[in-house]
1. Test of understanding: among B:GLN408, B:GLN440, which residue is under 27 Å from B:GLU356 (Cα atoms), touching a Ser or Thr at 6+ places or on another chain (Cβ under 6 Å) and not charged (D, E, K, R)?
2. Sort out which residues of segment A:87-104 are over 17 Å from A:LYS157 (Cα atoms) and crowded, with 19+ Cβ neighbours inside 10 Å, and write them in order of number.
3. Return yes or no: is B:CYS437 part of a loop (DSSP other than H, G, I, E, B) and surrounded by fewer than 22 Cβ atoms within 10 Å (Cβ to Cβ)?
4. Being touching a Ser or Thr at 6+ places or on another chain (Cβ under 9 Å) and part of a helix (DSSP H, G or I) narrows it down to one residue among B:ASP478, B:ASP493; which is it?
5. So A:THR137 clears everything in (1) modelled with pLDDT under 95; (2) in the same structural domain as A:VAL97 (by TED's automatic domain parsing) except one condition, right? Which one?
6. Taking the criterion of being among the aromatic types (Phe, Trp, Tyr) and either buried (at least 24 other Cβ atoms within 10 Å of the Cβ) or in contact with a Lys or Arg (Cβ under 6 Å, 6 or more places away or on another chain) (or both), would at least one residue in segment B:168-176 satisfy it?
7. Against the condition within 17 Å of B:THR87 (Cα to Cα) and either of a type in the set (Gly, Ala, Ser) or within 14 Å of chain A (Cβ to nearest Cβ) (or both), how does B:ALA426 come out, does it pass?
8. Output yes when any residue across segment B:473-491 is more than 18 Å from the chain's Cα centre (by Cα), more than 9 Å from chain A (Cβ to nearest Cβ) and of a type outside the set (Phe, Trp, Tyr), and no when none is.
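The values are calculated or read from the model by the stated rules, or taken from the named source; none is laboratory data. Everything quoted here is computed from the prediction, not taken from an experiment. With ideal geometry, Cβ positions are generated from the backbone for all residues, glycine too; neighbour counts draw on all protein chains shown.
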Amino acid sequence: MKNFDVSTLAKMIDHTELKSNSGEKKIKNLCEEAKQYEFISVCVNPANVEFAKKQLEGSDVIVCSVVGFPLGMNTTEIKALEAKKAVEQGATEIDMVINVGAMRDGKHDYIREDIKQVVQASAPAHVKVILETCYLTDKEIIKACELSVEAGAHFVKTSTGFGAFGSFEHHVRLMRETVGPDIGVKASGGVSNFKDAMRMINAGATRLGTSAGILILEGAKLFKFAPAAWLEPEIPCHTCPARSASMAKLPKALYQYYTNMCLKCDHREKYNKFYE
Amino acid sequence: MNGWMNKIVEVNLNTGKQKTLIIDEEVRRKYLGGRGLGLKLYTDMCSADTNPLDEDNALIFLTGPLTGIIQTAGRYQVTSRSPLTGTIADSSSGGFFGANLKKAGFDGLVITGKSEKPVYLEVTEEGIEIKNAMNIWGKDTHETMKMLKDESSSNISVACIGPAGENLVPYAAIMNDKDRAAGRGGMGAVMGSKNLKAITAFGKKEIPVSDPEGLKKMISTINTLIDKNPVTGKSLQLLGTSVLVNVINAHGMYPTENFKRGVFNDAEGTCGEKIAETILQGRSACFKCPIACGRKTKTSKREGEGPEYETVWAFGAQLGISDLETITEANYTCNELGLDTITTGSTIGCAMELYEKGVFPEKLEWGDSSNLVKLVEDIAYKRGIGKDLALGSKKLAEKYGKPELAMQVKGMELPAYDPRGAQGQALSYATSNRGGCHMQGYLISPEILGSPVFLDRYSIEGKAEIVALFQDISAAVDSLVLCRFLQFAISIDTFKDMLNIVTGLNFTEDELLKVGTRIYNLERKFNSEAGFSRKDDMLPPRFLEEVLTEGASRNRVVQLDEMLDRYYKLRGWDKNGIPSEEIMKELGI
């Protein structure tokens, strides 16, 4: 497993606050923390872009705005307009959510165009495409990555943090393998400590979206004393989306997809034996 | 030196004389304060032959370099030899007493000798005065604190013993600031053996700080880190330590009926959420602490503080009791009489199992709460069966021919986590220098709470390393005399920054960690001279031979031997758990 110093890690973190109940006080704190810990960006809702930009004046921290967030179900025109406005107000990175339903329906041209319009409206800002991997099969994730690259996106990103589950290294690895080395991969949702962060980075993530950035950096300071076992991969099932699939949160078809994935997996016997 | 008042005074209660101890700069750097410096002073003054309740024994109250300055640093640390275990012992307590002692101009007090008559010490900016305590001897801790405050000022902090300490119950606590306790290891009995009823402290002296501007930023950083951590920023604030009841029960490692089971069916009735719904009146905080985990509560009879997680368990699941009102009353009674709630409850649980096995003469049944509060009183006054229960579980179970039924390590009762559910915690219990305690290495943090990361609780891989690391960090933090809860949120690197900003020392993280390692080894050296060895780094056979039959930790036993071998090797100790000359030399002991 690769090791990173704290400052390198900080420059990989989008310090994130996207809850609907976050007022200016929280955004101000977010920006202060981003400056103090030298995160690469703050990731905020469009309504907070201008305010965040002001708080960050004179610092290297950039503003990242989400678009079509969190469901991705706005029309393309609205997403493009939302992106354009965010860039005008100071955002230099845009995290857009795809229309997940259209992706599930196989409307690939629509998805490509949806992304392309946002990319064009956002220029020169960089665009990260949120796939919401929890609602896609592996095949769909691969296809969505290909469409993102074709549409000129700069990053693909796993999750909104509002879906059935967040990022898993299985998905990050799949995305990295698909987009190749020249496109960024952002892992977001459920990245809550240093070990999670390292797991994602080693799977191919070049950016992390998290509200736990400070915890991650504080944890990283401890790890130089930590025994190797701390960083060793756990039983694969602990970090597998199939094992984490929730019947309550996932649609029936996807729940069955993940259940089947689990039933066919070679690790299953080892897992059951370990816990029997 | 910044961060210190540069004054530790030895008070000899035989002669009434006071002597300021000169602490060498190198010693301060090697042992800091609190647990570390207390250990160093103790081992310089006393030997493994010292009887804990003899007048020759020293009782050391120490603050640390951050006391009175930083969040949670109102604490103090007491060091002596434990009358319960015979090991070196340290016990820590929150509140404000430590801050007041330091602001009165004293980093610590070393109490030696024994007064002919009951006395208390009044510590002010003017000095230390030994005063007659005849009128408060026999009073409970709350009454003692009230009388001393009435006599002096409501601003003072009082650390005192109750009847349990006066009666030399080997697990008597020292209570301060009403309901804060230096609970474990029987420091209250050592205090009682010296006829020392209380110490009062108050002061407003400025504590010198090396970098005041840096300190302001550091205080803000600490607040941020506390706020961001889900344990310190949310769980402990909302539900107090009893937030753990449902968590640990769900993991099948909530010890029930003297650790016979790992799932308590009535946990819902005694959990943090239930406390919040029923008896909770408000939160209480120690010195400058934003967490405020303390619970102000009220029963139908009176008001008080608690119960904390361990106490909810000790008088609850451990005894099969789910009557929250009685559990809380038993807690209040322990606070007033000055008893360690963990050992008190666990010893009663041991007696219940002895009764179940037909060897204990008095009827004590699982789930029967009708006599619980009276039992606690009987222990403090050593009345009736209370005299037996006051022995602690180890001696009690030995007396009745069933030593295996005492759930203890080195004579100290285990707290509320069944080691079969967390292999690292099991090793930590076994190798703890003060006995069966969770505070010297809280492996529940990574194994259950995922802080700083989740570790597989069933695996023994890497656990020796993690236990040693946690034990050393904890010893270092105890020597800064900060609340352990900060360890959820703050790394050793930041602790080092705090120390440097306040003192102006230029510690590295490695150096601070080495302080912890040094302390752990010196404690071990003292214990080995007192006859402790591998045979004592042992868990009760229940955990090594019997599996839990239900819950999420079922079908497991502790794989202790394998972990112990690795742990000793890693520590540089021999196969018997004794530190080598080389490691002592390397650590400058």
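1. B:GLN408
2. Selection gives A:VAL87, A:ALA91.
3. On the way: part of a loop (DSSP other than H, G, I, E, B): yes; surrounded by fewer than 22 Cβ atoms within 10 Å (Cβ to Cβ): no.
For B:CYS437, the condition - part of a loop (DSSP other than H, G, I, E, B) and surrounded by fewer than 22 Cβ atoms within 10 Å (Cβ to Cβ) - is not met.
4. Exactly one of B:ASP478, B:ASP493 is touching a Ser or Thr at 6+ places or on another chain (Cβ under 9 Å) and part of a helix (DSSP H, G or I), namely B:ASP478.
5. (1)
6. Within segment B:168-176, one or more residues are among the aromatic types (Phe, Trp, Tyr) and either buried (at least 24 other Cβ atoms within 10 Å of the Cβ) or in contact with a Lys or Arg (Cβ under 6 Å, 6 or more places away or on another chain) (or both).
7. On the way: within 17 Å of B:THR87 (Cα to Cα): no; either of a type in the set (Gly, Ala, Ser) or within 14 Å of chain A (Cβ to nearest Cβ) (or both): yes.
When the stated conditions are applied, B:ALA426 does not pass them.
8. No - not one qualifying residue is present in segment B:473-491.
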